[in-house]
Amino acid sequence: MRNLGLGDKGFSVVYGSDSHDLSEIGRRTTWVRMEIPSLDGLRVALLDGITSVREYTSDQDPGPHSPYFIERIGISGTKYIGRKNAQIINLNPSFNAIIGGRGTGKSSILELVRAATKRGSSFAGNPNDYARNHVDLIREITWGLPKEGDDLAPMVEVDYRQHGKTFRMRWHATPPSFELYALEEDGSETSVTDQGVWSERFPLRIFSQKQLYAFKEHTGPLLSEIDATLQVGGPAWQREWENKVAEFVQLSARIQQLGGEIAEREDLKAKITDLERQIAIMEAAGHKKVLRELSLRRRQGSELERWQEEIEPLPQALEELAEGLDVSELVFSRLPADDPESSAIDDEPEKELEAAAVGLKQTLTADAATLRQMASNMRALLASFGNTVASSDWEIVRKASDEAYAALVDQLRGQKSKPEQYGELVQSRQILRKKINGLDAKAQDYDKHKKTRNQEFKDLETKRNELSNRRRKFLDSLFSSSANLRASLIPCGDIQTGITELRQILSREDNVAVEEFESFAGYLSSASDDKDRLKRVHELKVKLWKVASEGQDGGTEIEIRLGKRFADHMKGRTNEDRARLLAWFPPDLLKLRYKKDGSGSFIDLDKGSPGQVAAAVLAFLLAYGDEPILLDQPEDDLDNRLIYDLIVREIQTNKLRRQLLIITHNPNIVVNGNADLVIPLEDRSGRAEIPVMGALENPDVCKAVCDVMEGGREALERRFRRIVS
């Protein structure tokens, strides 16, 4: 049959061996998927075909699944589920289907798993607030009016299997708390203190109805989904990006601070020029020699004073270092023995360690003493230096210059000339020169930081391009040449979303500066290719930066004119606003194209019908990854033919590499998708209960599927007879 290709036409091929010798028995065997070995299970498996019946070889797993899957969901004390008794759902590592009528709490299970696994933030990327606030949603699910005998304490447990080890995530709704345990083979729990980031440590994708609907409206959130893959590494990139942006903002703040400080430098230089003019007039009045000698000795005295101020703290620094080396109170204790009862007195290896420790302590003590002696010697040297200065020829001529100046002041007292001002002028000039020298050093730092910022600006562009390149590489590898879907990336191509983000950075709300932002969007949208678009993004940011920092209209480098009101607003932007402007990039644009009705040409997703768009989005979501994926009613907007052609086939492919948990009303998904575990929900007096769980070969499960999804056996048979016969 295999040679005839009948296995490809829906026939189940059973492999066996025509043995003529006992040793040949079992040469070829067949793997059959069944919940419990039975004739009913064999019948269903044979009807399913290759997904449930195929050749078994010892070198491959006939029923493979991902190393990541949810083993168990436990829910208790919520409004709908587990009100009195905890509801336990033991999942299959392959395909699980939750079915039930409307209002039975199917979607509540998905949202509770989202809460317990810290996936509430997955709503953040949805545009236009399609998803309800997750906190409000969980409050609605967990809150309820207690009835007699109820003890409501909403709690959810999710047991996650990861490379052969099971972890239990436990969430309490009131008060909110999260706990993580490792499950041992005997079922006991060991608390995990180093929990890491749950979304990265326990891969899991959850999509509600509203999220799926949002994807149909806007592909932007799909980028967040592929960013979460190991190939793209979006979370790690995001952390690195935020650090780089923060460093860029801090550097810009430092530049602004230095700019404000050195702005005084030119004013100080002008003041020195005025002082030197006054000093020159006094020196030209015949008292030049006395005044210049006074100026020289006072400058020398000022430099000597500065030098002494810098060297004076050194002895104290040596003493503090010696204090840090003081190990006199440090005692080497004997190492404990493995056996508390045994004696370690004659443990020669330990004695060797103890002797080495004592030697180290002695060396450090000696070093500390040496440092203290050095400090004492240095103090003596400084005192000797002070005595040398006091008795030096320089001190003699310094005193002589002071005495000559005092004599000159007495001589000219009562005259118009006021040589006593000369000393004040000289001293003021010295003070100003000292300030300018300090500002000159800051000016050098200012120039150095500006160069660093320019380099970091380029580094931001390189880092941002890195994300686009990772995304593009991932998308290029996603679909084969025969696939009916294509995905491509346009770097910084989501111009409208980017303009909205730019408005937020510049604090310009909607309906304000309309002409300016329309011109920005038009300038970016008219790019000829990816390289030109990135160049235009750079040019636009530079222009707006000049407006904000230099008070210009941005110059004429690019053909965009700014109104005076907009330019005045930009001048008032904070330094952080300006820095974040340079770190702004329009988001990438994900373009999905699909092959319509099996034709050879591809068309853009936004030109398809709602059903075709939904089909393409689902194909994209199911095209990659091996982590568990939870979907809430993915069949909405799809007709039964699309469901069978796309969803069912994708399920059959996905279930071989990942765990699926799908909430659905459509029998095609459950039956033709070969659900390994069916979980029917019933509403009993306002409480969701699970009357039975199992595979489709279980008669009770088949009856539940028929009742819930087909309206009962009689209704199904009537429809079948009317349509087929």
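Looking only at residues in region 163-215 that are of a type in the set (Asp, Glu) and within 23 Å of the chain's Cα centre (by Cα), which one is farthest from Pro634 (Cα to Cα)? Steps first, answer last, please.
Restricting attention to region 163-215, the residues satisfying the condition of being of a type in the set (Asp, Glu) are 179, 184-186, 189, 194, 200.
In the following step, the residues that additionally are within 23 Å of the chain's Cα centre (by Cα) were identified as 179, 194, 200.
Details: Glu179: 31, Asp194: 36, Glu200: 25 Å.
Step by step, filter region 163-215, then rank; the result is Asp194.
Please go through region 443-455 and give me each residue that is open to solvent by less than 50 Å² (accessible area, probe 1.4 Å) and closer than 19 Å to Glu539 by Cβ, ordered by number.
Narrowing region 443-455 to residues open to solvent by less than 50 Å² (accessible area, probe 1.4 Å): 443, 449, 453.
Once the filter is applied, which keeps residues that are open to solvent by less than 50 Å² (accessible area, probe 1.4 Å) and closer than 19 Å to Glu539 by Cβ, region 443-455 yields only Arg453.
Quick one: would you say Ala368 is at negative phi, at pLDDT 75 or above, within 51 Å of the chain's Cα centre (by Cα) and open to solvent by less than 70 Å² (accessible area, probe 1.4 Å)? Break it down into steps so the answer makes sense when it comes.
Values: at negative phi: yes; at pLDDT 75 or above: yes; within 51 Å of the chain's Cα centre (by Cα): yes; open to solvent by less than 70 Å² (accessible area, probe 1.4 Å): yes.
Judged against the criteria, Ala368 is a match.
Would you call Leu321 over 30 Å from Asn437 (Cα atoms), among the aliphatic types (A, V, I, L, M) and either open to solvent by 50 Å² or more (accessible area, probe 1.4 Å) or free of Cβ contacts under 8 Å to residues at least 24 places away in the same chain (or both)? Steps first, answer last, please.
On the way: over 30 Å from Asn437 (Cα atoms): yes; among the aliphatic types (A, V, I, L, M): yes; either open to solvent by 50 Å² or more (accessible area, probe 1.4 Å) or free of Cβ contacts under 8 Å to residues at least 24 places away in the same chain (or both): yes.
The answer is yes for Leu321.
Is there a residue in region 539-546 that is in contact (Cβ under 8 Å) with a residue 12 or more places away in the chain and part of a loop (DSSP other than H, G, I, E, B)? Before the answer, list the steps.
First pass over region 539-546, keeping only residues in contact (Cβ under 8 Å) with a residue 12 or more places away in the chain: 539-545.
Subsequent filtering for residues that are part of a loop (DSSP other than H, G, I, E, B) retains none.
For region 539-546, residues in contact (Cβ under 8 Å) with a residue 12 or more places away in the chain and part of a loop (DSSP other than H, G, I, E, B): absent.
Results for (1) closer than 30 Å to Met378 by Cβ; (2) surrounded by fewer than 16 Cβ atoms within 10 Å (Cβ to Cβ); (3) within 60 Å of the chain's Cα centre (by Cα), shown as yes or no for each residue.
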position: Glu266; (1), (2), (3): no, yes, yes
position: Val290; (1), (2), (3): no, no, no
position: Leu294; (1), (2), (3): no, no, no
position: Arg306; (1), (2), (3): yes, yes, yes
position: Pro315; (1), (2), (3): yes, no, yes
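When you check Ile262 against the structure, is it open to solvent by 20 Å² or more (accessible area, probe 1.4 Å) and either among the aliphatic types (A, V, I, L, M) or touching a Phe, Trp or Tyr at 6+ places or on another chain (Cβ under 8 Å) (or both), yes or no? Can you show your working first?
Working: open to solvent by 20 Å² or more (accessible area, probe 1.4 Å): yes; either among the aliphatic types (A, V, I, L, M) or touching a Phe, Trp or Tyr at 6+ places or on another chain (Cβ under 8 Å) (or both): yes.
In short, yes.
Could you look through region 225-259, keep only residues that are under 23 Å from Leu582 (Cα atoms) and among the polar types (S, T, N, Q), and pick out the one that is least open to solvent (accessible area, probe 1.4 Å)?
Ser252
Looking at region 569-596 only, could you name the residues that are farther than 22 Å from Ser549 by Cβ and hydroxyl-bearing (Ser, Thr, Tyr)?
Tyr594 - this is the single residue of region 569-596 that is farther than 22 Å from Ser549 by Cβ and hydroxyl-bearing (Ser, Thr, Tyr).
Looking only at region 513-563, which residues are open to solvent by 30 Å² or more (accessible area, probe 1.4 Å), modelled with pLDDT of 90 or more and within 23 Å of Val249 (Cβ to Cβ)?
Hits for region 513-563 are Leu534, His538, Glu539.
Yes or no: Phe474 assigned to a helix (DSSP H, G or I), within 26 Å of Leu222 (Cα to Cα) and not basic (Lys, Arg)? So that I can check it myself, show each step before the final result.
Details: assigned to a helix (DSSP H, G or I): yes; within 26 Å of Leu222 (Cα to Cα): yes; not basic (Lys, Arg): yes.
For Phe474, the condition - assigned to a helix (DSSP H, G or I), within 26 Å of Leu222 (Cα to Cα) and not basic (Lys, Arg) - is met.
Of all the strands (runs of 3 or more DSSP E) wholly in region 1-114, which have at least 2 residues that are modelled with pLDDT of 80 or more, among the small types (Gly, Ala, Ser) and surrounded by 21 or more Cβ atoms within 10 Å (Cβ to Cβ)? Let's see the steps before the verdict.
Values: elements: 29-32, 53-56, 68-76, 87-90, 95-100.
Passing ranges, in order: 95-100.
Quick one: how many residues across region 168-203 are within 22 Å of Pro235 (Cα to Cα), open to solvent by less than 20 Å² (accessible area, probe 1.4 Å) and not in a helix (DSSP H, G or I)?
Number of matching residues: 3.
Could you say whether any residue in region 498-512 is hydrophobic (A, V, I, L, M, F, W, C) and loosely packed, with under 15 Cβ neighbours inside 10 Å? Give the steps one after another, and end with the answer.
In the first step, residues of region 498-512 are kept if they are hydrophobic (A, V, I, L, M, F, W, C); the result is 499, 502, 505-506, 512.
Right, trim to loosely packed, with under 15 Cβ neighbours inside 10 Å and you get 512.
The answer is yes, given that some residue of region 498-512 is hydrophobic (A, V, I, L, M, F, W, C) and loosely packed, with under 15 Cβ neighbours inside 10 Å.
On the given criteria, is Leu230 within 30 Å of Leu621 (Cα to Cα), modelled with pLDDT under 85 and not in a helix (DSSP H, G or I)? Walk me through it before giving the result.
Numbers: within 30 Å of Leu621 (Cα to Cα): yes; modelled with pLDDT under 85: yes; not in a helix (DSSP H, G or I): yes.
In short, yes.
Is it the case, given these coordinates, that Glu140 is modelled with pLDDT under 85, acidic (Asp, Glu) and either on the phi < 0 side of the Ramachandran plot or not in a helix (DSSP H, G or I) (or both)?
Values: modelled with pLDDT under 85: yes; acidic (Asp, Glu): yes; either on the phi < 0 side of the Ramachandran plot or not in a helix (DSSP H, G or I) (or both): yes.
Here the answer is yes, as Glu140 does meet what is asked.
Restricting attention to region 396-419, and to residues there that are among the hydroxyl-bearing types (Ser, Thr, Tyr) and modelled with pLDDT of 75 or more, which single residue is farthest from the chain's Cα centre (by Cα)?
First, the residues of region 396-419 that are among the hydroxyl-bearing types (Ser, Thr, Tyr): 401, 405, 417.
Within this subset, residues satisfying the condition of being modelled with pLDDT of 75 or more are 401, 405.
Numbers: Ser401: 70, Tyr405: 72 Å.
Restricting to residues being among the hydroxyl-bearing types (Ser, Thr, Tyr) and modelled with pLDDT of 75 or more, the top hit is Tyr405.
Which condition breaks for Asp588 when tested against (1) closer than 20 Å to Ala97 by Cβ; (2) open to solvent by less than 50 Å² (accessible area, probe 1.4 Å); (3) touching a residue at least 60 places away in the same chain (Cβ under 8 Å); (4) among the acidic types (Asp, Glu)?
It is condition (1) that Asp588 fails.
Return a yes/no flag: does region 597-610 have any residue that is under 34 Å from the mean Cα position of the chain (by Cα) and under 27 Å from Asn243 (Cβ atoms).
no
Every residue, every condition in (1) open to solvent by less than 60 Å² (accessible area, probe 1.4 Å); (2) in a helix (DSSP H, G or I); (3) modelled with pLDDT of 85 or more, yes or no:
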position	(1), (2), (3)
Gln421	no, yes, no
Val426	yes, yes, no
Asp459	yes, yes, yes
Arg470	no, yes, yes
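The values are calculated or read from the model by the stated rules, or taken from the named source; none is laboratory data. Nothing here was measured: the structure is a model prediction, and the numbers come from that model. Counting neighbours? That spans all protein chains shown, and the Cβs are built from the backbone with ideal geometry, glycine included. Heavy atoms of the whole protein, side chains included, go into the accessibility calculation; ligands, DNA and RNA do not. Shrake-Rupley method; radii C 1.70, N 1.55, O 1.52, S 1.80 Å.
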